[in-house]
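The values are calculated or read from the model by the stated rules, or taken from the named source; none is laboratory data. Since the structure is predicted, the reported quantities are computational estimates derived from the model, not experimental observations. No Cβ is skipped: glycine too gets one built from the backbone with ideal geometry, and neighbour counts run over all protein chains shown. In case anyone asks, the SASA skips ligands and DNA or RNA and just uses the protein heavy atoms, side chains included. Shrake-Rupley method; radii C 1.70, N 1.55, O 1.52, S 1.80 Å.
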Amino acid sequence: MKSLWEKTAKRPDFKALDGDKKTDVLIIGGGMAGVLCAAELKNRGVDYILLEAEKIGMGITRNTTAKITSQHGLIYDKLITKFGVEKAKKYLETGEWAVKKYKELCTQIDCDFEEKTSFVYSLKDKAAIEKEIRALEKLGFNAVFKEQTPLPFKIAGAVGFRNQAQFNPLKFLYSISKGLNIYENTRVKELAGNTAYTDRGKIIAEKIIVATHFPFINKHGSYFIKMYQHRSYVLGLKNAENLDGMYVDENLKGLSFRNYGDLLLLGGGSHRTGKQGGSYNELRREALKYYPKSEEEYHFATQDCMTLDGIPYIGQYSKSTQNLYTATGFNKWGMTSSMVAATLLADLITDKENHYGEVFSPSRNIFTPGLLVNGFEAVSGMIMPTTRRCPHLGCGLKWNKQERSFDCPCHGSRFSEEGKLIDNPATGDLKK
């Protein structure tokens, strides 16, 4: 089923690459991060080309819940504990800057932009909410504490960020893509040095940005061990309450809420890709429980790259790849992270100093408890007996009966029942 955003936005068409080209910067991937990078480079007068394997916005961007916020779960107490106040404050400042940047751009774009207060709530753990409030006070941020909300159940407490926002992501993306140097239906098969090879020609670039959701080059950066992917689901409900705000449970397995027009977007059912977990049916049970008079108008699912420490990887692809960059691991908060990535990568490419770069460096320390979990999952997937194996790194695929797909529990690649690639980091279909 098409997502809500696909049904409500008119998609532009860009031609496919036809022959060899040269450019200063090549961007691979036409989601929100890649298109924002292209727009920022164009504004700075940098020569660039963006390649998209299929159609822009038709990957993860079309299935986002499109919350524009610097509130990324209960993250700030954790960041202060792990990295200190200074680094946590920089992370908050970049998020707040991204929200304001969207506000500026959306004054000239018809994309159903609305300012809202964003809330993270807890069903039982009031202490966790209060701890986050205290952490934000240390960062000089004035958050809101709530015990009463319009949610259809009681909560222990919620922390709110004022002046956040929501919008229609494809209306926004399609508007900013106008006039950009984009080639669709052009999949990069291989990168060799500064040359990208496609089935429609090759592109030689001085610098390359990999904005493909999950980086596909395995020999650099170790992304296959320092990230994993998470699936979650969304229902678009009619005849459900208008909550006048954005809400998300501090528990990854909890529910999220936001309105769009006369619809309530109910999200949840989150689980690691390739593992047993939530589904549309789980959400439908919740909808029936809390909104028994509602009607399902839409359902769609998304997939998010999760990092080991909760901070995206934005910057140089690895220490050994001087002119190769990436933006990935947005941890379910792709809208603000994409905006941060566009400016940070443009600064790196144009040799402009950026004081926030070290926060997001892909080469930062990855030795966390999550590394052991990722390693265990990868080994388990590789030794799992199965007739279907992922072409990415050979992990055994699991059948997802809810979505009728073959899913990789190691790194999150997904394939249709016929073996066609749905989600990366794999770069091709299953072999027959």
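Odds and ends about this structure:
- Across all C-alpha atoms in the stretch 22-126, the radius of gyration and Dmax reach 17.2, 57 Å.
- Fraction of accessible area attributable to carbon and sulfur, the stretch 164-312 (%, probe 1.4 Å): 44
- Lysine pair number, Cα distance threshold 21 Å (strictly under), the stretch 116-176, separation 8 or more or different chains: 11
- The chain: calculated mean residue ellipticity at 222 nm from DSSP helix runs of at least 4, using -39500 (n - 2.57): -8000 deg cm²/dmol
- Ranked by how many other beta carbons lie within 10 Å on average, peptides 63-72, 395-404, 91-100 from highest: 63-72, 91-100, 395-404
- Surface composition of the stretch 39-116: carbon plus sulfur atoms contribute 45% of the solvent-accessible area (1.4 Å probe, protein chains only, all chains present).
- Over the chain, relative contact order from alpha-carbon pairs under 8 Å, at least 6 apart, %: 19
- Interchain or long-range residues, amide H under 5 Å from His299's placed H: Gly236
- GNM on the chain, alpha-carbon springs under 10 angstrom: the most fluctuating residue among Gln108, Gln316, Gln276 is Gln108.
- Prolate/oblate/rounded label for the stretch 1-80 (Cα gyration tensor, a/c 1.5): oblate
- Highest mean first, the peptides 184-190, 308-314 sorted by other C-beta atoms within 10 Å per residue fall in the order 308-314, 184-190.
- Based on C-alpha pairs under 8 angstrom that are at least 6 apart in sequence, the stretch 43-179 has a relative contact order of 32 percent.
- Pairwise label distance in nanometres, Asn239 with Thr107, each label 7 Å out on the Cα-Cβ vector: 4.2
- Cα gyration tensor category, rounded, prolate or oblate, for the chain with a/c compared to 1.5: rounded
- Added length on full extension, which subtracts the Cα-Cα distance from 0.36 nm per residue, Trp97 to Gln276: 60.7 nm
- The chain: Cys lacking any partner C-beta under 4.7 angstrom: Cys37, Cys106, Cys111, Cys305
- Surface accessible to a 1.4 Å probe, per residue, for the residues of the chain, Å²: 43
- Most positive-pole-ward Cα, Val46, Ser270, Pro150, against dipole of the chain from beta carbon charges: Ser270
- Taking the DSSP beta bridges with both ends in the chain, the antiparallel portion is around 75 percent.
- Within the chain, the whole DSSP H helices whose Cα atoms reach 20 Å or more along their own axis and whose mean Kyte-Doolittle score is at least 1.0 are 334-349, 369-383.
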